[in-house]
Structures are given as structure tokens and as C-alpha cells.
Amino acid sequence: MNERSKRLLKSLSVIVVSSVFIAACSETKFLMHTAKRLGKTNTSQGNYKVGKPYKVMGKWYTPQVDMSYDRTGIASWYGPNFHGKPTANGEVFDQWAVSAAHKTLPIPSIVRVTNLDNGRSLVIRINDRGPFVDDRIIDLSRRSAELLGVIKAGTANVRVQIMPHESRVAAERAKSGGTQLASADAPIKAADVSSQPVAAQQLPDPTDIKEQSKLYIKPSGPPSTASNVSVIRKTVMQAPVTENAAPAVAEIPKPGLYVQAGAFSNPENAERVKQTLQSIGHVSVTPITVSGRELFRVRIGPVADTIQADTLRARVVAAGYDNARTIVDLPVSN
């Protein structure tokens, strides 16, 4: 082999080695970037936390274990401004995970959230505190809000029910140190990384949910013929919390949205409050028994949406009833 051929072979070798090196560096940079993106939001299940009473914007909240929790109210959602920041129990908030914030339930807790406006239902893991705006009872992650159909409206009338067995399992897991999922230092293969973010996934059409989801709610009888109300008595199959779980869908009674000024043991006091608030809207006094004690609720409404409810509540508070709150009330089915 002459000198010219040797020089040419040497040059080709350098080019091949350089190409391999550049490709390897590119893949390494890609995987490092992916590790940072995935690792930061998937480090652990966080610590178990109930917490002491705390005060936010002048209002006190008392966290407690409540395995009978079942409330209706307004849900909101949060995401971009909190993505990647710590939650109340030491996790890192991931807006694309199925999770939510609650003011008082233990962290973690597992709850079933039903959107009373469209019938969608989803099992969600509580891992943060909030919301602290008006009377919202739960703050959904962006992904949870997508699945429940809350994104566009911003808020929704919901029912939140704790799942006792699943919540106890989640609590014990957190107490024992949680489950390590991935870390920034863990090796990640390019084949294991989805090229499409969760945000771009299309949600299934509600009419197709029956075939796609094990959470489908089966009716036990024909729906009611009452106007705007189609009640389905339902049995729900339990399922683990998964980020890609399709929500269950059922037809439900249309909820009523009210502002409650207070609940009084003396009916005369309730009537006096009613007279005071007559100029604000339609006021009603209704009796209710709570823990064997008869109370008289003073409510204004119903109103059409959460915007009207927030405005009405502000007027009731301005009238001197600081504990006024928004109530989502479901019709009682027989």
C-alpha cells in the first residue's frame, strides 16, 4: 500500500470514529434531557402526612383522617405555575399525573371524583394541599381535569368520595417509604421514552367508554323520564389509579348550586337571616338533621354556574355572614 493510500485510509477512519462519537453524544444528551424531565417528577410517592391545623388567608383548616368523607362542591384545576414544584408531602408536582390537592384529607388519600355536570368519574390520588380560592373543595391536576372534562370550563360541580381501602393501602405504602419509580441518575433507554407527551393524547369519546374502560357504570334499570333528569343506580368496579385510565361515565341528576349563609339550631334566627338576605336573591329555610340534631339551613339559589355563585357568595359575606359557602346539592332519588 503506497503512502497516499495509507493517508486516505487514516482519514476515513477518523471520519467514521468522529461520526460514531457525535451520534453517541447526541443520544447521550437526549437521554440526559429526558432523565431530567422524567426523573424530577417521578422520584417517590412522598411522605404520609395528616398535619396540624393551619391558617391560609385568614381561614383555619383542620386536617384529619376521615374514611367516611363524601362531599359535593366545586372543583378547580392547577398545572403550569406549579409543575415541578414541591407538594405538601414532599413530592414534586407533575401536572400530567392523575392527582389532586385537598385541604384536609390525609396525604396520600385515594378518592373518586365525579363530575356532576357530565357524569364522568375518575379515581384520583391526593398528594397536595388546596385549593384556597372561594369554596373549591378539590384542585385537580391538569391531567385529571382533562379526563374529567374540566379544562375548558375551569371549574365543575363534583362529588368527592374517599375510597377507604385504597387510601389505607396508599398510607401504609407512604409510611414505609413509598415506591421508588425513577431518578435522574437512572439509566433510560431511548426505546422506553414516549415521543408523544401525555398532553397530546386524545381522550376517548364518552360514547365509547363502555368498551374501553373497566370503570364503566352499568345501569340496573330504565332511566327516569323526568325532564332533564336521568338517574342511573350504579355499581362501580374498583380499579387502580392509572394516568391513562378512561373515566367512567353515567347519567346523573342535574345538581343545584346554592350559597348557604348558615345553619341555625333556632328556627327564629334562621328566619331573621332569611329576611335580611331577601334583597339578594331567592332565600329558603330548610330543616336538616345532623348527628341527631335539627338545624335550619338558610340558602340562596339555585344559581346557574360557579361565576354567579362566587358573586352571590361575595354579597352574602359582605352582608355580614363570613362563613357563607357554596353548596352543590344533588336531588334525592327514590
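Points worth noting:
- Relative contact order %, segment 63-178, counting alpha carbon pairs below 8 Å whose residues are six or more apart: 37 percent
- Ordering of 300-312, 119-131, 268-280 by packing [mean C-beta count within 10 Å, highest first]: 119-131, 300-312, 268-280
- Label point of residue 291 set 7 angstrom out along Cα-Cβ; within segment 152-179, amide nitrogens under 20 Å from it belong to 162.
- Over 31 Å (Cα to Cα) - which of 49/254; 85/254; 59/175; 59/152; 103/254; 85/152 fall in this group: 49/254; 85/254
- Which of 57, 163, 67 has the fewest Cβ neighbours within 10 Å, and the rest in rising order: 57, 67, 163
- Segment 313-319 - phi-based ³J(HN,Hα) in whole Hz, Karplus 6.51/-1.76/1.60, Gly and Pro as x: 4, 4, 5, 5, 5, 5, 7
Laboratory data are not the source of any read-out in this text; all were calculated from the coordinates shown. In this text, all values refer to a predicted model and were calculated from it rather than measured experimentally. So basically every Cβ, Gly included, is an ideal-geometry build from the backbone, and we count neighbours across all protein chains shown.
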